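The values are calculated or read from the model by the stated rules, or taken from the named source; none is laboratory data. The structure presented is a predicted model; accordingly, all values stated were derived computationally and were not measured. Cβ: placed from backbone, ideal geometry, glycine included. Neighbour counts: every protein chain shown.
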Amino acid sequence: MRAYRCPRCAALLDLARSRCPRCGAPVGFALPLGTVLDLETMGAGWMRCIGSGDAGCNWLVRSDDGPRCESCRLTRTVPSGRKPSDDAHLARTEGAKRRVIYQLHDLGLPVVDRVRDPERGLAFDLLSSRDGPVTIGHADGVITIDLAESDDAHRVMLQAQLDEPYRTVVGHIRHEIGHYYWMVLVDAGGHLDAFRARFGDERASYQDALQRHYREGAPAGWQASYVSAYATMHPWEDWAETFAHYLHIRDTLQTAAAWGISVAGPVGAVGPSTSVVPMDTLTDEDFGAVAEGWRRVSDALNALNRSMGHAEAYPFELPPPVIERLDLIHRLVLGARP
Ligand SMILES: [Zn+2]
Ligand SMILES: [Zn+2]
Ligand SMILES: [Zn+2]
């Protein structure tokens with residue numbers, strides 16, 4: 001994500017803020033402009049999204065295009081009869097969703113809602129497993145997310161039970177949106193042959209693959225070919241996992257670029273000591289070079305996290321077959337830009 005400043009006092013501003021913590025200016029983010037506006041002095045023609053209530057949304061909409069912003073209008077279902085804790089979970093989940101929608105817009109990926117395409121448009125059902133079982137997933141453009149996943153205690157317990165190295169709400173949304181973009185970029189985009197050459201044949205039975213995965217787990221040595229154990233289950237899951245990593249990498253490199261972070265070390269390292277200088281946008285770079293830069297940046301990020309006693313921010317390795325699959329995703333994303 002890029003870095004933003006208060007338009008009134010130039011204080012650094014977290015993009016989720018509705019008010020500047022330094023000067024108190026009422027601010028909001030206007031996605032079509034890609035900028036933060038001071039509502040008192042620059043707000044003509046703009047108003048707050050109606051999600052500024054329960055969704056905690058600080059995005060602005062054009063007065064003739066409301067009442068919901070580009071992110072809130074994608075939410076199709078929220079639990080009825082919510083408790084205050086559900087509202088807190090909804091606000092956190094919507095915040096993670098806005099981050100992802102921001103990035104999709106920044107990458108130039110098409111986001112077609114259910115109004116424009118009732119059959120395969122994008123929509124989110126944000127349900128609470130407090131009301132009954134919720135299966136996180138994607139079907140024909142509809143993404144289901146469990147609001148309970150924004151409860152840290154619940155999510156960390158699941159992460160430990162499932163022995164996962166990484167589990168976040170942003171990560172869930174990036175994985176499920178990956179399934180949506182398989183439909184858009186690969187299937188509708190006419191790139192099935194390129195997909196099958198890299199990820200395998202998705203016509204293999206998904207049900208059989210699911211049962212095998214939960215009976216036997218990932219095959220031994222999967223780390224040489226896949227980004228995660230779950231990616232071994234079926235070509236669709238490999239795509240969704242790898243697509244999520246593409247978004248992790250692009251967002252984190254963009255943030256590093258916005259802050260002027262480059263990596264030249266570690267001091268005394270053996271080998272060439274060229275600096276890695278992340279870029280906020282990519283054009284037609286070979287993704288192998290991007291992945292090498294990312295490895296150096298993520299090594300530094302992991303070391304910084306360990307200094308604070310936190311788990312590694314990016315506890316993954318990217319073997320060569322995964323980098324080839326990321327390169328295909330990169331080509332398809334670049335090709336989808338308007
Ligand atoms: Zn300010
Ligand atoms: Zn909104
Ligand atoms: Zn999936």
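Listed values, structure above:
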quantity: Verdict on Ala291 being surrounded by fewer than 17 Cβ atoms within 10 Å (Cβ to Cβ) and assigned to a helix (DSSP H, G or I); calculated: no
quantity: Residue satisfying condition, being within 16 Å of ligand 1 (Cβ to nearest atom) and in a helix (DSSP H, G or I), within set Glu94, Glu40; calculated: Glu40
quantity: Residue match in the stretch 154-177 (condition: loosely packed, with under 14 Cβ neighbours inside 10 Å, farther than 20 Å from Ala88 by Cβ and among the hydroxyl-bearing types (Ser, Thr, Tyr)); calculated: no
quantity: Residue match in the stretch 55-72 (condition: in contact with a Lys or Arg (Cβ under 6 Å, 6 or more places away or on another chain), part of a loop (DSSP other than H, G, I, E, B) and within 16 Å of ligand 1 (Cβ to nearest atom)); calculated: no
quantity: Matching entry among Arg99, Arg130 (being crowded, with 16+ Cβ neighbours inside 10 Å, of a type outside the set (S, T, N, Q), at pLDDT 95 or above and part of a helix (DSSP H, G or I)); calculated: Arg99
quantity: Filter result for the condition that a residue is free of Cβ contacts under 8 Å to residues at least 40 places away in the same chain and within 16 Å of ligand 3 (Cβ to nearest atom), over Met233, Met279; calculated: Met233
quantity: Residue among Arg120, Arg98, Arg116, Arg203 that is basic (Lys, Arg) and either in contact with a helix residue (DSSP H, G or I) (Cβ under 6 Å, 6 or more places away or on another chain) or within 16 Å of ligand 2 (Cβ to nearest atom) (or both); calculated: Arg98
quantity: Matching entry among Arg48, Arg73 (being modelled with pLDDT of 90 or more, farther than 23 Å from Leu247 by Cβ, buried (at least 19 other Cβ atoms within 10 Å of the Cβ) and away from ligand 3 (no atom under 16 Å from the Cβ)); calculated: Arg48
quantity: Top-ranked residue of the stretch 213-230 - restricted to ones that are in contact (Cβ under 8 Å) with a residue 12 or more places away in the chain and among the aliphatic types (A, V, I, L, M), ranked as farthest from Phe287 (Cα to Cα); calculated: Ala218
quantity: Leading residue by the ranking (farthest from ligand 1 (Cβ to nearest atom)) among those in the stretch 233-270 that are polar (S, T, N, Q) and buried (at least 20 other Cβ atoms within 10 Å of the Cβ); calculated: Thr242
quantity: Looking only at the stretch 215-230, and only at residues there that are away from ligand 3 (no atom under 14 Å from the Cβ) and in a helix (DSSP H, G or I), the one that is nearest to Pro320 (Cα to Cα); calculated: Ala224
quantity: Where a residue in the stretch 98-115 is more than 20 Å from Gln254 (Cβ to Cβ) and its partner, wherever it lies, is among the β-branched types (Val, Ile, Thr), with Cβ under 9 Å and at least six apart; calculated: Val112/Val184; Arg114/Val142
quantity: Number of positions in the stretch 22-37 that are within 11 Å of ligand 1 (Cβ to nearest atom) and β-branched (Val, Ile, Thr); calculated: 2
quantity: Any chance Arg167 is within 17 Å of Val112 (Cα to Cα), at pLDDT 95 or above and under 17 Å from the mean Cα position of the chain (by Cα); calculated: no
